[in-house]
1. Return the total of residues in the range 162-178 being part of a helix (DSSP H, G or I) and closer than 21 Å to residue 192 by Cβ.
2. Does the range 153-168 hold any residues that are loosely packed, with under 13 Cβ neighbours inside 10 Å and of a type in the set (A, V, I, L, M, F, W, C), and which are they?
3. Being within 16 Å of the chain's Cα centre (by Cα) and either among the small types (Gly, Ala, Ser) or open to solvent by 70 Å² or more (accessible area, probe 1.4 Å) (or both) is the filter here, so list the residues in the range 12-34 that pass it.
4. Quick one: what pairs do we get from the range 141-153, first residue within 19 Å of residue 112 (Cα to Cα) and modelled with pLDDT of 95 or more, second of a type in the set (Lys, Arg) and part of a helix (DSSP H, G or I), C-beta under 7 Å, 6+ apart or different chains?
5. Across the range 187-213, which residue is modelled with the highest pLDDT among those that are over 15 Å from residue 174 (Cβ atoms) and of a type in the set (A, V, I, L, M)?
6. Taking into account only those residues within the range 61-70 that are touching a residue at least 24 places away in the same chain (Cβ under 8 Å) and assigned to a strand (DSSP E or B), which is surrounded by the most Cβ atoms within 10 Å (Cβ to Cβ)?
7. Take the range 108-117 and flag every residue that is open to solvent by 20 Å² or more (accessible area, probe 1.4 Å), assigned to a helix (DSSP H, G or I) and without any contact (Cβ under 8 Å) to a residue 60 or more places away in the chain.
8. Quick one: what pairs do we get from the range 167-186, first residue more than 15 Å from residue 29 (Cβ to Cβ) and touching a residue at least 40 places away in the same chain (Cβ under 8 Å), second open to solvent by 30 Å² or more (accessible area, probe 1.4 Å) and of a type in the set (D, E, K, R), C-beta under 6 Å, 6+ apart or different chains?
Amino acid sequence: MSNFYNDHILPRAVDVICGLPSFESGRAELVPQASGRVLEIGMGTGRNLPYYRAAGLQCLCGVDPGLHALARRRAEAAGLEIQALPLSAERIPVDDRSFDCVVSTFTLCTIPDAAQALKEVYRVLVPGGRLLFLEHGAAPDASVRRWQDRLTPYWRPLAGGCHLNREMPGLIESAGFWIESLQRRYRPGPRWLTSLYSGVATRSHSPGPTDRGSSPD
C-alpha cells in the first residue's frame, strides 16, 4: 500500500470503523477501569480518550508509531494530558515496572509480533498490575474461523496489518498473565469482524517470562 494510503486514508477509515457503536460500547465498559500510571498501546486516533476518568490517573502515556493529530484534539477535549511515545509496543522505552495499568483496544491484532509486545507489557507493569484489553480475534464458531482464515491475507494489507484470527486469550496467557475476567461475544455486525474479547489480565507477583535472571518480587 502507498504511503499516502497508510498516512492519510487508513487512519481515518480505522477511526470510523472503530467508532461504530458495536465497538464504542466495549470501550465505555472497559476504559474507565484504568487508574494510576497508565500506558495505552496503539493509541492511534485516541478513540479511548473520552472514556478515561481523569481524576483516577497519575499519568497517561500513549505508544503508537503513528499517533494521530486527532488523538491530541481528543485529549484536549477530555481534559487529559498525554505523553506520546511514537514507537511500536514491541519495544517500549521505559523502565521495568513503570505502570500500574496498560490499556489495549483493537491493537494486538495489528502488531506484527504481538507475543513480543505482550512480553514488553508484562515487563513495564508493576507486580499485580492490570492489562485491560478489548480485541477482536478468532471466533468461537469453526465456520466463522474458516472465513477469518480465508479473509485475513486480503484484509491485513487493507487494514494496517490487522489479523482477524488471532487467539487473544492464548497470546495473553503465554506472556505470563493471569486472565481474571474474560467476555467473549459477538457484537452487532459481520461475525468475522465482530468476535470480540474483553477482559482484565493481571501480572503475576512471581517472575514471568521476561524476568528470568531477576530477583523474585
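The values are calculated or read from the model by the stated rules, or taken from the named source; none is laboratory data. As the structure is a computational prediction, the values presented were derived from the model and not from experiment. Reconstructed Cβ throughout: ideal geometry from the backbone, glycine too, with neighbour counts over all protein chains shown. Ligands, DNA and RNA are stripped out before the accessible areas are found, and what is left, the full protein with its side chains, is counted by its heavy atoms. Shrake-Rupley method; radii C 1.70, N 1.55, O 1.52, S 1.80 Å.
1. Here is the first cut: in the range 162-178, the residues part of a helix (DSSP H, G or I) are 168-174.
Then keep just the ones that are closer than 21 Å to residue 192 by Cβ; that gives 168-171.
Of the residues in the range 162-178, 4 are part of a helix (DSSP H, G or I) and closer than 21 Å to residue 192 by Cβ.
2. 158, the sole residue that qualifies.
3. We begin by selecting, within the range 12-34, every residue within 16 Å of the chain's Cα centre (by Cα); these are 14-15, 17-19, 23-34.
Hits for the range 12-34 are 19, 25, 26, 28, 29, 33, 34.
4. none
5. Among residues in the range 187-213 that are over 15 Å from residue 174 (Cβ atoms) and of a type in the set (A, V, I, L, M), the one modelled with the highest pLDDT is 200.
6. Among them, the one singled out is 63.
7. So in the range 108-117, the residues open to solvent by 20 Å² or more (accessible area, probe 1.4 Å) come out as 110, 112-113, 115-116.
Next, only the ones that are assigned to a helix (DSSP H, G or I) stay: 115-116.
Once the filter is applied, which keeps residues that are open to solvent by 20 Å² or more (accessible area, probe 1.4 Å), assigned to a helix (DSSP H, G or I) and without any contact (Cβ under 8 Å) to a residue 60 or more places away in the chain, the range 108-117 yields only 116.
8. 175/119
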